[in-house]
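Right, one structure below, let's go through it.
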Amino acid sequence: MWDSRIKRTILISVLSLFGLVLLIYEYGIIISRDNYAPGTWINGHYFGMKPVKSAEEELYENPADYVLEVKFRDADYQIHGHDIDLNYSFTEDLEKIKNGQVAYLWPESFFVPGYEIEKKITYNEAKLIDLVESFDSMRPENMKEPENPTIELGKDGIVVAVAQDPGSVIEDTDGVIAAIEKSVMNEEPRLDIEEEGFYKISEYTVDSAKVKKCVDYCNTIVGLDVIYQYADTEIALEPFQLYGVIKISDTYDTIISKQRVAEILEGFARLHDTYSSIRKFKNHNHDLVTVTNSDYGWEMDVEKETDSLYSDLIHHRGMRRPPEFIHSGFTYGKNGDDIGGTYAEVDLNAQMMYYYKNYRLVLNTEVVTGNVNLGRSTPPGIYDVDYHQSPATLKGEDYETKVTYWMPFNGGIGFHDATWRGGFGGDIYLYDGSHGCINMPYYMAEELFMEIEDGMPVIVY
């Protein structure tokens, strides 16, 4: 009896369980007809027994929040989602998943891995193109051609290539639009037009082989030691002067321009030549006197020196030598002082002669200069001693005079002894002066002759 009861209870339980399972299964079929099957996961979200619309709402992203920053060389622009009717949609893939599920097989969903889907991105292409073409940076009239580098001499005396304005020319504007469209489709936040390589590049850059060769050549010339010797003073051409003789073409070819060499030397000569210049001279009384008539000083022969220096430069030769001179002085010191401390000074009014050696007064004496009344006044000026001779015969139209010491400095005018004179100084020169020479007492002429040097300056005032 008990066995039959147990069997009946078991049968009822089994039938009840089967009925419950069948009920659940039938419910799953019914619910899965318009909804996702139970156990459905999409993009990490559980959508079992939920309709497609519910999934759309939960996965929705607002396209208006999207902003693409487009960086040009000269400006930055922003493209907002609403500017181009940007739209995001998962509908197609969501419906595809739903349509792929069979209602009576809904239990399979519990054994299917979660689905991963991508949203579909759409935009108004015409609006995007119009917007991009409206950017100032995309307008041809606003684009600037790239500039080639310049070759410049730095303050340190080194020649370098200096990059110039890279310009803003975009040759492939369609390519820019395509790159922006791609960025929108990939939801990228930023696009750099320069990094994408859309800008026109200058024909030459600082890294171009010809530019580097040009720089190397210029530094070779600028680095030469070109030193001119004026007596014991050395004057070097500065880097900017040497750089100035190089002619560089638009294609970075280089030559030494002979015309520029001449121009540099003309400027150098104007700065350092002293010949025929007006001088302020501090005399024996420490008075400042102006001497205008000068046949003394340094004068470069620019034409000849141009040939010499040009030859040195084209052969990349440095040098240390005197330049080609038309006139040479005796000394050359600070600020172009070519009188220095060794010179003879003749004061016509005082009828005195002074000889300084190394800034020390060695001798001074009364003299007789050219006869004023006969129009033979000794001409003022600065001269240099041509030579010194002993003995000598001085000849003129109406005279021939033998002297022991003769030291000419201005053609036929010079220092000499005048043994026929009984006196010197005072106003003798006014009525009984010389033919223009500086007449000196014998022993003073002798001493001067022993001290004097050829080329030494003589100042007459």
Worksheet entry | Pairs of Cα atoms farther than 25 Å apart, the range 209-335, % | 35
Worksheet item: Where a Cα-Cα gap under 30 Å defines reach, which lysines qualify for Lys280, not counting those fewer than 8 residues away within the same chain?
Response: Lys334, Lys357
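Nearest 5 is fine: what % of DSSP beta bridges in the chain come out antiparallel, could you say? Can you show the working numbers first?
Details: 53 of 68 bridges.
So the antiparallel bridges amount to about 80 percent of the total.
Going down the table (Lys155/Lys210; Lys53/Lys98; Lys258/Lys304; Lys144/Lys182; Lys213/Lys247), which pairs top 18 Å between alpha carbons?
Values: Lys155/Lys210 23 Å; Lys53/Lys98 11 Å; Lys258/Lys304 12 Å; Lys144/Lys182 27 Å; Lys213/Lys247 14 Å.
Beyond 18 Å: Lys155/Lys210; Lys144/Lys182.
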Worksheet item: Can you pull the Rg over Rh of the range 148-229, Cα-only, Kirkwood?
Response: 1.28
Worksheet item: In whole angstrom, how long is each semi-axis of the equivalent ellipsoid of the range 117-161, when you take the square root of 5 times every eigenvalue of its Cα gyration tensor and sort them from largest down?
Response: 47, 18, 6
Practice prompt. Consider just the alpha-carbon atoms of the range 30-80 and return their Rg together with their Dmax, both in angstrom.
Written response: 19.1, 63
Discussion item. Which residues among the range 319-339 fall inside the zone where the amide N is under 16 Å from a point 7 Å beyond the Cα of Asp307, along Cα→Cβ?
Written reply: 323-326
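Which value in deg cm²/dmol, rounded to the nearest 500, describes the helix-derived mean residue ellipticity at 222 nm for the chain, given -39,500 (n - 2.57) per DSSP H run of n ≥ 4 and division by the residue count?
-9000 deg cm²/dmol
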Discussion item. Taking 0.36 nm per residue of sequence separation and subtracting the Cα-Cα distance, how much length would be gained by fully extending the chain between Phe110 and Ser249, in nm to one decimal?
Written reply: 42.1 nm
Practice prompt. Report Rg (one decimal) and Dmax (nearest whole number) for the range 341-460, counting Cα atoms only, units Å.
Written response: 12.9, 40
Practice prompt. Calculate the radius of gyration of the Cα atoms of the chain to one decimal place, then report Dmax, the largest Cα-Cα distance, as a whole number, both in Å.
Written response: 52.3, 188
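Helices from the chain with mean Kyte-Doolittle at least 0.0 and a Cα length along the axis of 24 Å or more, per DSSP H: which? Walk me through the numbers before you get to the answer.
Numbers: long enough: 2-34 (49 Å, 0.89).
Those that clear 24 Å and a mean of 0.0 are 2-34.
Seen from all sides and averaged, what is the projected area of the convex hull of the Cα atoms in the range 58-216, in nm²? Walk me through the intermediate numbers first.
On the way: hull surface 61.5 nm².
Taking a quarter of the hull surface, the average projection is 15.4 nm².
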Worksheet, complete the sentence: Between Asp34 and Asp130, the two model label points (7 Å from Cα along the beta-carbon direction) sit apart by a distance in nm of 4.2
Worksheet, complete the sentence: With 0.36 nm assigned to each residue of separation and the Cα-Cα distance removed, Thr290 to Ala178 gains 32.2 nm
Worksheet item: Of all DSSP beta bridges in the range 167-285, what percent run antiparallel (nearest 5)?
Response: 100
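Treat the count of other C-beta atoms within 10 Å as a stand-in for reagent exposure and order Phe111, Phe409, Phe135, Phe449 from fewest to most.
Values: Phe111 7, Phe409 28, Phe135 16, Phe449 19.
Starting with the residue having the fewest Cβ neighbours, the order is Phe111, Phe135, Phe449, Phe409.
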Discussion item. If R₀ is 56 angstrom, what is the calculated FRET efficiency for the pair Lys213 and Glu58, using the beta carbon separation as r and rounding to 0.05?
Written reply: 0.25
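Taken together, the values in this text are just the output of simple stated rules run on the coordinates, not laboratory data. Values in this document were obtained by computation on a predicted structure and should not be read as measured data. Positions of Cβ are backbone-derived with ideal geometry, glycine not excepted, and every protein chain shown enters the neighbour counts.
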